Amino acid sequence: MKPLRSLIPMAALLLLIATGTTILAQSAYRISTPYSHKNLTIFLIHGKDQNKKDNIITLQEAMERRLLIVYETSDVNELQVENISRELDVFIQSGDIVKGGKQDRVLAVSIIIPARSGRVKIDAFCVESGRWEKRGAEDSSKFTSSNERIVSRDLKIAANASRSQQEVWAKVEEAQQNLAKGVGGSVQAGPSKSSLQLSLEDRRVVANIDEYVKALSSIPNGRSDVIGFAFAINGRVNSADVYVSNALFKKVWLKNLKATATEAVAESRGVRLAEPVKADAIADFLDDSEKARAKERSVGPSSRVVTREDKDNVLVEAVDEKSKAVVHRTYLKKN
């Protein structure tokens, strides 16, 4: 691929330089200037849509509208989903938590479930150790909602790269401990102390992240070429997510921002901030992540996952075989 710099007219290039936008040398991304609140810094990632489909809704929307059913299978690491809509496809994002069943799970792949899909198997990990029965009035045969995502880089690595249930449980416990420090008290809930989902519903957690969300939620507004975002916490590059289109990015933005803000809250107590991260550091992180050797695996009849990992970074790409588009890229900084 030609460097993007050579494809941009000089007038536009000067404008990008003047506004502080960084151009990645080897990709079609542009990185915005930073937007910060307290210990969280966000960079918007600009680029071209790779897919113009407008009939895609999120897992959260689909479950709220009862267009997609997530079934308990009694297998900790595999669930089944069924899109019963006649016309809408459903985007499931790796890291989406589903609440209910015999124990809360995190879905471990990004995938588009087509309209009238029938039952489709999907990889999952438990984010609630110990429970294996109905909780309260919930239906133990199905899952009720998907309002949250996993909330730490280490959890994302455990689910996407290590793919270890034991490591996921350990990182859930660690996330709960860090959140407790960040909000000044235990976030374990009586009905299930191990449930990450219930911890994220804690009123102190919600109050703390709301401040970040109010400060940062509007930053993509009016920008039709934003397809992703990267962020740093306490002056250290953390993660990035890039989507197939601006339309899909906008649908998942608030859910992603809540998860990002939650991680910032968990890491906020007694931290001395480092030097601010600059856009060039994000550009280098994305470029470096793309250089590792690729490993591929199928995740159903119409999707595959490509993972690139080295000692510093992990990149996970979800490819839709029907459209041949990379639907979602997750970039993770290990250290």
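A short reminder: the numbers here are calculations on the coordinates, not readings from a lab. Note that the structure is predicted; figures quoted are calculated from it, not measured. Using ideal geometry, Cβ is built from the backbone for each residue, glycine included, and neighbour counts are taken over all protein chains shown.
How big is the dipole moment of the stretch 56-208 about its Cα centre under a simple scheme where the beta carbon of each Lys and Arg is +1, that of each Asp and Glu is -1, and everything else is neutral? Debye, nearest 20, please.
Values: 22 positive and 22 negative charges, 27 e Å.
In debye, rounded to 20, the stretch 56-208 gives about 120.
Toward the positive end of the charge dipole of the chain, with +1 on the Cβ of Lys and Arg and -1 on the Cβ of Asp and Glu, the farthest Cα among PRO34, ASN178, THR307 is that of PRO34.
For the stretch 174-272, what is the relative contact order in percent, using Cα pairs closer than 8 Å and at least 6 residues apart in sequence? Let's see the in-between values first.
On the way: 100 pairs, mean separation 32.7, N = 99.
Over the stretch 174-272, the number comes to 33 percent.
Sequence-ordered 3J(HN,Hα) estimates for the stretch 63-79 from the Karplus curve with 6.51, -1.76 and 1.60 and θ = phi - 60° stand at 6, 5, 8, 6, 9, 9, 10, 10, 9, 6, 10, 6, 10, 3, 10, 8, 10 Hz, glycine and proline given as x. Angle of helix 203-216 to the longest C-alpha principal axis of the chain, folded into 0 to 90 degrees and rounded to 10: 20°.
For the chain, the longest principal axis of the alpha carbon atoms and the long axis of helix 246-266 meet at an angle near 70°.
Taking every DSSP bridge with both residues inside the chain, close to 95 percent are antiparallel. In this Cβ point-charge picture (+1 for Lys and Arg, -1 for Asp and Glu), the chain has a dipole of about 320 debye about its Cα centre.
Note down the net charge around VAL76, summing +1 for each Lys or Arg and -1 for each Asp or Glu among other residues with Cβ under 15 Å from its Cβ. Please report the intermediate quantities before stating the final value.
Values: positive: LYS102, ARG105, LYS121, ARG131, ARG163; negative: GLU72, ASP75, GLU78, ASP104, ASP123, GLU128, GLU133, GLU167.
Neighbourhood net charge equals -3.
For CYS126, the shell of other residues with beta-carbons less than 10 Å away shows a net charge of +1, using +1 for Lys and Arg and -1 for Asp and Glu.
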